[in-house]
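Here is the structure we will look at.
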Amino acid sequence: MGRFFSDVVEEGIKNIYYNMSAGKGQESFRRLEQASAEGDGDASCILARCLCGYQYTWSGHGFPEDDKRATALLHKSVEQGSAIGVLVSLRSGELPLWRRKKMPFSSLQEAFDMVLQKAEDGDAFCQYTIGNTYFWWDFLEIQEKSKNSFPNSQEFKRYLKENISKCEDWFWKAYRGGMYHAGNNLNQFYLKGDEDIIPPCPEKAAGIFRIGAEKGYPPHQYIYAKELEQLGLKEEGLRWHEKAAKAGEADSWYYVGAAYEEGQAVPKDLSYAAECYERGLPSGSIGCRNRLGAMYFDGNGVIQDYDRGIRLIREAHEQGNNWGLIYLAKAHFYGYGAPRDYGIAREFLEQITRENSEKDYMLGVIYARGLGVAEDIKKGAEYLKKASGREDAREELSRYRKTLFGKWVRR
């Protein structure tokens with residue numbers, strides 16, 4: 001039996017939260033499933049968090065998201081007698097009065113005290129959980145207090161400030177003990193404060209993510225890398241992105257790939273850039289899909305493959321990203337990796353808001369020739385003039401002329 005929880009739960013918390021980059025998250029997930037089925041309420045609670053997305057567990061573990069199953073597991077954890085299950089359920093809005101009657105505790109305070117004891121004895125997950133009860137004001141329900149419990153609003157505000165402030169120390173303990181989520185909440189606490197009760201203290205937020213990066217938390221290595229980039233420290237930022245990527249923070253592969261593709265802070269290496277983007281694909285990275293798709297379409301650093309290039313860019317576009325509109329338009333304009341369809345090409349082109357001479361050239365051809373749209377040589381010529389820095393645009397424009405009466409016609 002572990003010091004704070006069962007062996008399975010302690011090992012699971014270690015692999016899922018404290019030592020994320022060890023690559024044992026999936027193994028622990030399966031063991032937690034078995035323990036939950038055998039009646040371990042704490043396992044049910046941790047398993048529920050694993051199913052709630054990146055806000056509850058690191059996305060690098062690749063856990064499925066299933067809110068319905070997570071809710072059922074939280075309910076199960078309460079009935080199985082998990083004190084942390086009670087507090088996590090309360091925080092998640094999954095502990096109505098009728099369900100509290102099913103928990104084997106006389107009150108929320110009893111469950112809180114059990115978790116508090118483990119927090120005081122050094123368990124980082126419990127320290128984080130206790131910190132959350134103060135940070136999110138759950139202490140009001142736990143202590144059965146409200147504004148009406150105090151003689152005036154000043155006394156109520158004093159009570160709130162006294163309790164909310166306790167989250168700071170608990171989050172620091174949890175953060176240093178391995179709970180990177182505690183660092184996220186600390187950062188928010190310092191930057192935003194809490195209504196008119198706790199004033200913001202942004203100077204205290206400085207360095208939080210550097211601490212997490214140095215402790216080996218991949219998500220914070222990623223954030224710290226971006227902070228360094230914003231300060232103009234690109235080489236150091238790239239070094240942390242590489243650490244994060246190799247530890248499993250897939251989004252960092254995009255930044256590493258971009259650095260090598262563009263030759264920023266490192267010698268240009270298109271082949272390695274493509275490899276980096278490839279490694280970021282399993283995480284669903286939109287940036288990696290776009291950049292790798294463009295490399296395949298253009299044949300830069302990889303063997304040209306229009307089909308794969310457009311497939312990757314289309315996947316990114318279907319997720320709401322418009323970076324690759326020009327490639328989608330070219331695919332349909334020229335028939336590269338997609339059926340030639342000038343109507344579809346025009347639809348993509350007219351969604352592009354930034355200046356782009358290639359866009360203007362294609363729209364000029366489409367309107368001047370009447371490809372998939374009513375012929376409008378005047379409109380086509382206007383686009384071609386905007387793209388006059390291109391030889392193909394000048395050549396196309398030379399096929400039309402303006403009459404003495406100001407009408408555009410074919411030569």
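Some values worked out for this structure:
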{"quantity": "Thr403 within 35 Å of the chain's Cα centre (by Cα) and hydroxyl-bearing (Ser, Thr, Tyr)", "calculated": "no"}
{"quantity": "Residues that are part of a helix (DSSP H, G or I), closer than 20 Å to Gln117 by Cβ and within 21 Å of the chain's Cα centre (by Cα), drawn from the range 176-208", "calculated": "Ala182"}
{"quantity": "Selection within the range 339-373 - in contact with a Leu (Cβ under 6 Å, 6 or more places away or on another chain) and among the basic types (Lys, Arg)", "calculated": "Lys359"}
{"quantity": "Exclusive hit being open to solvent by 40 Å² or more (accessible area, probe 1.4 Å), part of a loop (DSSP other than H, G, I, E, B) and either closer than 25 Å to Gly287 by Cα or free of Cβ contacts under 8 Å to residues at least 60 places away in the same chain (or both), set Gly372, Gly337", "calculated": "Gly372"}
{"quantity": "Candidates Leu73, Leu160, Leu95 - the one that is in contact with a strand residue (DSSP E or B) (Cβ under 9 Å, 6 or more places away or on another chain) and open to solvent by less than 50 Å² (accessible area, probe 1.4 Å)", "calculated": "Leu160"}
{"quantity": "Unmet requirement for Leu325, which otherwise passes all of (1) of a type in the set (A, V, I, L, M, F, W, C); (2) more than 30 Å from Cys288 (Cα to Cα); (3) modelled with pLDDT of 95 or more", "calculated": "(2)"}
{"quantity": "Any chance Gly309 is free of Cβ contacts under 8 Å to residues at least 40 places away in the same chain, touching a Leu at 6+ places or on another chain (Cβ under 7 Å) and crowded, with 17+ Cβ neighbours inside 10 Å", "calculated": "no"}
{"quantity": "When residues of the range 340-351 are limited to those that are assigned to a helix (DSSP H, G or I) and more than 14 Å from Val365 (Cβ to Cβ), the one farthest from the chain's Cα centre (by Cα)", "calculated": "Ile344"}
{"quantity": "In the range 1-48, the residues that are of a type in the set (A, V, I, L, M, F, W, C), open to solvent by 10 Å² or more (accessible area, probe 1.4 Å) and not in a helix (DSSP H, G or I)", "calculated": "Met1, Phe4"}
{"quantity": "Cβ pairs under 9 Å, 6+ apart, first in the range 390-411 and part of a strand (DSSP E or B), second surrounded by fewer than 10 Cβ atoms within 10 Å (Cβ to Cβ)", "calculated": "Tyr400/Arg411; Arg401/Arg411; Val409/Thr403"}
{"quantity": "Members of the range 317-329 that are surrounded by 23 or more Cβ atoms within 10 Å (Cβ to Cβ) and in a helix (DSSP H, G or I)", "calculated": "Tyr327, Leu328, Ala329"}
{"quantity": "Selection count where residues are open to solvent by 60 Å² or more (accessible area, probe 1.4 Å) and not in a helix (DSSP H, G or I), scope the range 270-304", "calculated": "3"}
{"quantity": "Qualifying residue in the range 394-409 (condition: open to solvent by less than 80 Å² (accessible area, probe 1.4 Å), under 20 Å from Tyr327 (Cα atoms) and at pLDDT below 95)", "calculated": "no"}
{"quantity": "Within the range 275-297, considering residues that are under 22 Å from the mean Cα position of the chain (by Cα) and hydrophobic (A, V, I, L, M, F, W, C), the one farthest from Leu325 (Cα to Cα)", "calculated": "Cys276"}
{"quantity": "Single unsatisfied condition, Asn148 versus (1) without any contact (Cβ under 8 Å) to a residue 60 or more places away in the chain; (2) open to solvent by less than 50 Å² (accessible area, probe 1.4 Å)", "calculated": "(2)"}
{"quantity": "Residues satisfying the stated conditions in the range 191-200, i.e. open to solvent by 30 Å² or more (accessible area, probe 1.4 Å) and either of a type in the set (A, V, I, L, M, F, W, C) or modelled with pLDDT under 95 (or both)", "calculated": "Leu191, Glu195, Asp196"}
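The values are calculated or read from the model by the stated rules, or taken from the named source; none is laboratory data. None of the values given here were measured: they were computed from a predicted structure. No Cβ is skipped: glycine too gets one built from the backbone with ideal geometry, and neighbour counts run over all protein chains shown. Areas reflect the complete protein model, heavy atoms only, side chains present, ligands, DNA and RNA absent. Shrake-Rupley method; radii C 1.70, N 1.55, O 1.52, S 1.80 Å.
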